[in-house]
Amino acid sequence: MNRRQFFKTTGGVTLLSCSGMTSLLMDLYAFGGKANLSQVEARYYKKLPEREIECLLCPRFCKLGDKERGYCGVRENIGGKYYTLVYGKVCTINIDPIEKKPFFHFLPRTNALSIATAGCNVNCKFCQNWEISQVRPEQVEHKDFPPSMVVETAQRYACPSIAYTYTEPVIFFEYMYDTSKEAHKKQVRNTVVTGGHINPEPLQDLVKVVDAIKIDLKAFSEQFYADYVRGELQPVLEAIKIVAKSGIWLEIVYLVIPSLNDDVREIRRMCQWLLEEIGPEVPVHFSRFHPMYLVKNLPPTPVSTLERAHRVAQEEGLHYVYIGNVPGHKAESTFCPKCKRVVIKRVGYHIQNVELEGGKCRFCNHPIPGIWS
Amino acid sequence: MELINFFPPFILGFFSLSFQIFLLREFSVHFYGNEITYGLLLAAWLFWGGAGSISASRFKFSQSRFHRLYYLVTLLFPISLLSLRFSRFFLKILPGEISGLTPMILASLILTFFISLPFGILFVFNVHFLKGNLPRVYLLESLGASLGGLVIYFLFIPFFSNWQGAALIGALSSLLAFFTFGKRKDRLSLVIILLILLAFTLFDLPSQKIYWKPFHLTQSRDSRYGKLQAIRTEEQISLYDNSLLVYSHPNLASAEESIHFALLQNPQAKNVLLIGGGVGGSLRQVLKYPVVEVDYVELDPEIIHLSQELLPEDEVKYLESRRVHVFFEDGRTYLNRIAKQYDLIILNLPEPSTAQINRFYTKEFFLLAKEKLTEKGIFSFRVPSAENYISLELQNFLSSLYFTLLEAFPVIEVVPGDTNIFLASASPLSIKHEKLTQKIEKLNLENSYVIPQLLFARLNPLRVDFLKEKIISGKKTINLDLIPITYFYNSVLWSTQFKGLEKRILSFLSELPFFWLLDFPLLLFVFLLFFLWIRRKKSSFFLVPLAVMGFTTIIVEIIVIIFFQTLYGYLYGRIALLLTSFMLGLYLGALRGKKRKKFSLTQILFIQFGFLFLLFLLYLSLNIRSPEFSTYLFLLALGFLGGDLFVISNHLFLKDHKNYGLGYGLDLMGSFVGALIASTFLIPLVGLPLLVRYLILINSFCFLFLAGGLRKH
């Protein structure tokens, strides 16, 4: 073989490789697939010069240039306008008992049509729904589910309420807000299951259109929020105060993770704060941690830890303290704070007995707060 | 031969392999020990060894440097183990928290850099030390390595913890090094090293306790199969095996769901086989059914012994019940040999996260289980899943399990939830919550989690149907012993938990057409060979076969180990024997090579033909059950050819060049590439038969290349 032949061959093979590489690159690009995203203008943002924006929805206050996305991954600056990419795009639809959220003082024995889009504005290492919360919207399959369809579906399946849940509803705020308004027109209620990382202004607007909010208070320490949530405690506490003042129904869940946030002093401080800022009537759930996601090898919470937290909360004066994820435990039931008798007997998600009349204890007539019908 | 000439290369081989084994065992504790991990670590080890060997020419050889390097490596090893143990503090993760591929790759590269690179340099220094006698060094190193493997697996691991074993090996090696070439003034250094090693050993348990903070470690034991650790949180005891949670006691959720969904299908079941996981609470659940008798098979007896020490009496008593019969062996081996018929077989093992465990989720195993079940018998297992969303990766994983199961059982039901329980039978099954509720109430079962009050939500028909529909509409792949695709899908699924590159790369690889995986690299290789042939450089004809040999032999070793286990079950020490056979072969081959009077390219060609022959044999044997000893013979022959090739190639190359390390380095580099791609994705994705054919192709092209070279020269 001479040089010319050699170069011909080399050239040929190089060309082949290049076209091959191009094809490979196209394969790579196409691998992402075409995502089903929305382009609805977001609310709560501020336009800045040079096509930049500042998001005002949550305490991250993301400042974004053109084509950049917020931390949550589901809101994008396109040419100086901020858009939500998941408006009307759900990745999960379920019908769950309301007790599963958990809401124990809200429409007991009913089902909630539960929906979520992808995304979240924090990164809990123990997230139960990480498959949809710790991803970009392109990485999950979304279905079109506009607000009117949500409400219609809730009615069709006899769900008196809609639950915005699983991931973090704050990041699909516009969708949640509009659906809630639609729902109210048809006498369907709205419940929100959130981590509470939301700014006061949007929250003040939200409480006008929803009926109940459950906030996950992950710990009562900034350090825990920094290390295991990548968030902050203070904004969550502010959110709790706003919801409590608004008059809509509030419940708090504290997921007790052994050795990380189970310190009895921390729990006591939290209860004291709740008592002072909110009052004794707010239901508090101490839930048992089950190994999950990045911490699937951590041990589950011992029941005695939960019982201790329960005892401390009662000692501090909170009236409605529950233990979650321990089916059959007596602390699943609601006790009248006055006569101490069981007014709602629960096992798991199932309510065995309700001893309430007109929202009051049947035995001593003490009012039990909640939305009972 | 004088001892002074014998020891250094021998220690090198002995030392190097022993460290590799201990490093691998410790690495698995912190970084998810599956074959991908092993492959990555091995690849990193080979890479740095090769790099060290190739770059050794930059370092001027001197006797004192030579001695000091031995002592240095002796010290570097405990330092690396220490760094490994405390790596979670650098990574800012919790004890037992899983970290992704990126930290794993970084850790393996960094740790092996400090140990394997010096070993690579030491190889070349040994050649200088023996006045250029490369074959002797290779020979002795192989001998040291083969002995090292045997000693570690049969004398050290059964009796010492990993750190103790590492310290002992370090002490032994430094003593031998001192004895070989140490002077009086080195005595102090030796004493210091020995003291450091002693301190290292004493720090084992305290360092584990620090690792587990804020949790409270109460016990630790290195069993043959892994590191068993017990954590106490209040009244709860959690047992870990290589940092994976085996069970928490009491934790009824896990124990109940593993048993009741299955047993409720036939509460009158008499003979139940439980493979794995009984001691963590499942036995108690099974024995709630009055007529049941359980055969409980557990691979690692240490799990039972440790549990007997840790758990309260009222849990341990179930092990001693006359209705329970315990067997310590591999579950598949047990099932193969037993003639009994069961009403129910429950697989209570982790999901197929390693190729080893994958053997329990293949068509072959499901058919075996079916054979040992009565006509109405039920087979059940469970895998982690997601309650609220089935991603594409999860769907691929679940569908592969489902369709594989369908090859053996016509009726399958899947219980939705955070864990999916698969139930399979030839007879009708039902997971309607009303039916199960009825049975629970009739039997008066005192459960806490598998209770009607939770079942109605979990078994909501919408959820059940949604899950079934998702699974059935997924990709139809069958998990086979020789094509462990479910194991790969599980690795892909695992990678999606992380946010780095790994999230996309494994997923991407699983969707990639085979053309890019196999044909394209082969084309590039052929092009490279052609290019080298055109260049007419003699050295390529000596060196290319070395790289190809390294690549081929490591992949063949991995293939053989996987295949061996599917046939003969997983038994401690067998892998060591297999690898020892190979290394013994290397030694004998190198010995043969050394004895040659003449060296020529023709000999290399013949050896290459020998490789092809062995590969054909391997391909044929994948379809038959050959006797166990033949595998050892095969690896011996493979090693023999490799050793002989190494000596001949290097002899021919070193006639005109003085780079002692290049040949060895290329051998290792070839092995590095082979280990990397074979373990990470090639084996599970394309399967063993196709991969062997691929190796035959590569070696054929190498053969043609050599034949072309013969013509030229």
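The values are calculated or read from the model by the stated rules, or taken from the named source; none is laboratory data. Since this is a predicted model, take the numbers as computed values, not measurements. Neighbour counts run over all protein chains shown; Cβ positions are idealised from the backbone, glycine included.
Odds and ends about this structure:
- Remark: A:Leu85 matches the filter, which requires a residue to be closer than 25 Å to B:Lys499 by Cα, away from chain B (no Cβ under 14 Å) and at pLDDT 95 or above.
- Against the numbered list (1) among the hydrophobic types (A, V, I, L, M, F, W, C); (2) out of contact with any Ser or Thr (no Cβ under 8 Å at 6 or more places or on another chain); (3) surrounded by 23 or more Cβ atoms within 10 Å (Cβ to Cβ), B:Leu638 comes up short only at (2).
- Residue count for the stretch B:478-515, restricted to those that are out of contact with any Phe, Trp or Tyr (no Cβ under 8 Å at 6 or more places or on another chain), assigned to a loop (DSSP other than H, G, I, E, B) and either at pLDDT 85 or above or within 10 Å of chain A (Cβ to nearest Cβ) (or both): 8.
- Count of the stretch A:335-373 residues, restricted to those that are without any contact (Cβ under 8 Å) to a residue 24 or more places away in the chain and more than 15 Å from A:Phe103 (Cα to Cα), is 15.
- The residues of the stretch B:339-351 that are assigned to a loop (DSSP other than H, G, I, E, B) and in contact with a strand residue (DSSP E or B) (Cβ under 8 Å, 6 or more places away or on another chain), listed by number, are B:Lys340, B:Gln341, B:Asn348, B:Leu349, B:Pro350, B:Glu351.
- Scanning the stretch A:257-278 for residues that are among the β-branched types (Val, Ile, Thr) and more than 11 Å from chain B (Cβ to nearest Cβ), we see that the one that is surrounded by the fewest Cβ atoms within 10 Å (Cβ to Cβ) is A:Val264.
- Candidates in the stretch B:57-84 are the residues that are among the polar types (S, T, N, Q) and either assigned to a helix (DSSP H, G or I) or buried (at least 20 other Cβ atoms within 10 Å of the Cβ) (or both); of these, the one that is nearest to the other protein chains (Cβ to nearest Cβ) is B:Ser83.
- Residues in the stretch B:516-527 that are at the interface with chain A (Cβ under 7 Å from one of its Cβ atoms) and either closer than 22 Å to B:Leu706 by Cβ or not in a helix (DSSP H, G or I) (or both): B:Phe527 only.
- Any hit, the stretch B:410-426, residues being among the aliphatic types (A, V, I, L, M) and within 14 Å of another protein chain (Cβ to nearest Cβ): no
- Test: A:Glu281 is surrounded by fewer than 18 Cβ atoms within 10 Å (Cβ to Cβ), at pLDDT 95 or above and either touching a strand residue (DSSP E or B) at 6+ places or on another chain (Cβ under 6 Å) or not in a helix (DSSP H, G or I) (or both): yes
- Screening the stretch B:368-409 for residues that are among the hydrophobic types (A, V, I, L, M, F, W, C) and at the interface with another protein chain (Cβ under 10 Å from one of its Cβ atoms) and picking the one that is nearest to B:Asn479 (Cα to Cα) gives B:Leu394.
- Subset of the stretch A:289-330 [closer than 20 Å to A:Ser259 by Cβ, buried (at least 18 other Cβ atoms within 10 Å of the Cβ), more than 9 Å from every other protein chain (Cβ to nearest Cβ) and not hydrophobic (A, V, I, L, M, F, W, C)]: A:His310, A:Gly324
- Looking at B:Val673, B:Val692, just one residue is closer than 20 Å to B:Ile575 by Cβ and assigned to a helix (DSSP H, G or I), and that residue is B:Val692.
- Residue in the stretch B:199-222 that is within 13 Å of chain A (Cβ to nearest Cβ), assigned to a strand (DSSP E or B), without any contact (Cβ under 8 Å) to a residue 40 or more places away in the chain and of a type outside the set (Phe, Trp, Tyr) present: yes
- Search result, residues across the stretch A:69-82 that are buried (at least 24 other Cβ atoms within 10 Å of the Cβ) and either in a loop (DSSP other than H, G, I, E, B) or within 14 Å of chain B (Cβ to nearest Cβ) (or both): A:Gly70, A:Cys72, A:Val74
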